[in-house]
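*Asks:* Okay, handing you the structure first.
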Amino acid sequence: MFENNDVLNRFSAQETPFYYYDLNLLRQTLHEAKVAADKRGFHVHYALKANFNSRILEIIQSMGFGADCVSGNEVQRSIDTGFAADKITFAGVGKSDKEIITALKHRIFAFNVESIQELEVINELAGKHGERANVSLRINPNVDANTHHYITTGLDENKFGVPNSELEKAAAVIKTCAHIDLVGLHFHVGSQITDLNVFKSLCVKVNEWKNWFEERGTYIRIINVGGGLGVDYNNPDGNPIADFEAYFDIFDKFLERNAQQEVHFELGRALVAQCGTLVSRVLYTKSGAKKNFLILDAGMTELMRPALYQAYHKIERIGDPVGEVVLNYDVVGPICESSDSFGKEVSLPVSKRGDLIAIRTAGAYGEVMASNYNLRNEIRYLYAD
Ligand SMILES: *Cc1c(COP(=O)(O)O)cnc(C)c1O
């Protein structure tokens with residue numbers, strides 16, 4: 001994608017580093033997801049935490065998606081962007097009173113509740129402010145997402161969800177709460193899941209829990225299965241759009257439900273990852289006895305995933321003429337941390353100071369995790385529209 005000199009010419013005049021967003025790829029991705037979901041009557045909430053860049057949010061909102069938020073500020077941002085309040089969900093293990101009140105006042109679609117104490121607090125705040133709250137109970141289905149342990153959320157040992165042993169009590173507590181209505185069940189087992197069998201296992205657990213509640217006289221209207229669909233970090237040009245058909249098909253086939261029961265999703269990464277690239281310049285090159293280094297002007301302050309989760313991102317030199325001599329480089333940033341590295345032993349054409357480097361598949365959990373550690377500059381952007 002970036003191995004052409006038109007892109008090189010366009011980028012050359014820009015101050016680096018910057019996030020490059022391909023808005024046409026974003027629209028195409030959203031379109032494919034929407035078509036595949038609509039066809040099955042599924043509802044998709046975009047998980048803002050993956051990327052809340054305003055241009056990106058506006059496009060996602062305009063294409064009819066709901067919003068999935070994990071903070072009061074994300075709820076407010078969704079409202080300000082024009083997302084319908086009745087399409088907003090609010091999840092998170094630690095919602096503050098102020099955040100709960102923000103969501104109550106906007107009358108969002110549902111709170112995804114993660115503990116009995118949280119249920120009681122939402123009930124109390126709703127009563128105090130003359131509101132009612134719809135809640136979905138987040139259940140930990142104990143499904144192994146086969147992904148990095150930092151982004152696995154659905155195991156018993158994780159902090160997320162109401163512990164299974166407390167669910168009976170939670171259902172009883174809700175019956176005593178005058179200001180909340182239990183509308184559904186919520187699940188989210190992890191992120192960057194590329195093995196669709198994980199979602200099949202999730203469906204089996206969801207069916208079990210739905211039956212468990214229904215046997216106890218609690219009707220479940222909303223089944224929210226969360227997000228987590230992965231993208232191809234190794235081959236962004238070969239697979240720029242996730243296989244939404246196959247993904248939604250699993251749920252369509254394996255989730256037991258009647259015509260009144262709605263299925264909701266909270267996709268983040270799969271909608272925005274591939275449209276973003278971090279573009280950086282080589283500041284310096286140096287070679288020691290064992291290593292060749294490319295030192296970039298972007299670091300973990302712009303893209304933290306490699307430092308935080310040892311995440312892989314494809315690294316390319318922009319405008320590569322074909323057939324050049326290659327060398328193995330450790331591609332590192334300027335930040336004063338040894339973890340500030342984008343890749344080790346990356347095979348790249350022999351590079352020099354001033355060359356432009358693309359770090360691909362950076363649209364999700366990239367810009368949003370930026371920090372100004374080392375008093376770094378604000379993030380810059382370039383959009384292709
Ligand atoms: C992070 C998160 C998502 C989105 O996950 P992706 O892997 O980006 O699709 C959805 N739901 C909840 C509750 C989350 O915490």
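The values are calculated or read from the model by the stated rules, or taken from the named source; none is laboratory data. Keep in mind the model is a prediction, meaning the values are calculated, not measured. Because the Cβ atoms are built from the backbone with ideal geometry, glycine has one as well, and the counts that use them run over all protein chains shown. With ligands, DNA and RNA removed, areas are computed over all heavy atoms of the protein, side chains included. Shrake-Rupley method; radii C 1.70, N 1.55, O 1.52, S 1.80 Å.
*Asks:* Less than 15 Å from a label point 7 Å out along the Cα-to-Cβ axis of residue 178: which backbone N atoms in segment 109-138 qualify, by residue?
*Replies:* 123-133
*Asks:* Another one. Could you tell me the relative contact order of segment 23-273? Use alpha-carbon pairs under 8 Å, at least six residues apart, and round to a whole percent.
*Replies:* 21
*Asks:* Can you tell me how much longer the chain between residue 221 and residue 378 gets when fully stretched, taken as 0.36 nm per residue apart minus their C-alpha distance, in nm with one decimal?
*Replies:* 52.1 nm
*Asks:* Say the cut-off is 25 Å between C-alpha atoms; which of 34/200; 159/253; 87/314; 39/253; 34/253 go over it?
*Replies:* 159/253; 87/314, as the Cα separations exceed 25 Å there.
*Asks:* Shifting gears a bit: R0 = 45 Å: FRET efficiency of residue 253 with residue 337, Cβ-based, nearest 0.05?
*Replies:* Plugging the Cβ-Cβ distance into 1/(1 + (r/R0)^6) gives 0.45.
*Asks:* Using only alpha carbon pairs under 8 Å that are at least six residues apart, calculate the relative contact order of segment 41-88 and give it in whole percent.
*Replies:* Computed value for segment 41-88: 42 percent relative contact order.
*Asks:* Something else: So what's the chain giving for Cα Rg divided by 2.2 N^0.38 Å, two decimals?
*Replies:* It is 1.06.
*Asks:* Rounded to whole Hz and in sequence order, give me ³J(HN,Hα) for segment 120-127 from the Karplus expression 6.51 cos²θ - 1.76 cosθ + 1.60, θ = phi - 60°, writing x for Gly and Pro.
*Replies:* Going residue by residue, I get 5, 5, 4, 4, 5, 5, 4, x Hz, with x marking Gly and Pro.
*Asks:* At a 10 angstrom cut-off on C-beta neighbours, averaged per residue, how do the peptides 207-214, 41-48 rank from highest to lowest?
*Replies:* With the highest mean Cβ count within 10 Å placed first, the list reads 41-48, 207-214.
*Asks:* When the Karplus curve 6.51 cos²θ - 1.76 cosθ + 1.60 is applied with θ = phi - 60°, which whole-Hz ³J(HN,Hα) does each residue of segment 96-110 get, with x for Gly and Pro?
*Replies:* Each residue of segment 96-110 in turn: 7, 4, 4, 5, 5, 5, 3, 5, 4, 5, 7, 6, 5, 4, 6 Hz.
*Asks:* Something else: Can you work out the FRET efficiency for the pair residue 352 and residue 84, with r the C-beta to C-beta distance and R0 = 51 Å, to the nearest 0.05?
*Replies:* The calculated FRET efficiency here is 0.50.
*Asks:* Amide H of residue 69 versus every other amide H placed in the peptide plane: which residues, excluding those fewer than 5 positions away on the same chain, fall under 5 Å?
*Replies:* 89, 90, 91
*Asks:* Please report the net charge: other residues with Cβ closer than 12 Å to the Cβ of residue 277, K and R +1, D and E -1.
*Replies:* Working: positive: 314, 360; negative: 22, 237, 302, 316, 367.
Computed value for this residue: -3.
*Asks:* Same structure again: What GluC sites (Glu not before Pro) does segment 219-321 have in DSSP loop regions with at most 15 other beta carbons within 10 Å?
*Replies:* The qualifying sites are 256.
*Asks:* To the nearest 0.05, how large is the calculated FRET efficiency for residue 283 and residue 194 if R₀ is 25 Å and r is the Cβ-Cβ distance?
*Replies:* Computed FRET efficiency for residue 283 and residue 194 comes out at 0.15.
*Asks:* Leaving out ligands, DNA and RNA, what percent of the accessible area of the chain is carbon and sulfur, probe 1.4 Å?
*Replies:* 48
*Asks:* If a/c stays under 1.5 just call it rounded; otherwise compare a/b with b/c (prolate if a/b is bigger, oblate if not). Do that for segment 331-382, with a ≥ b ≥ c from the square roots of the Cα gyration tensor eigenvalues. Before the final figure, lay out each step's value.
*Replies:* Numbers: a/c = 1.64, a/b = 1.40, b/c = 1.18.
Note, shape of segment 331-382 comes out prolate.
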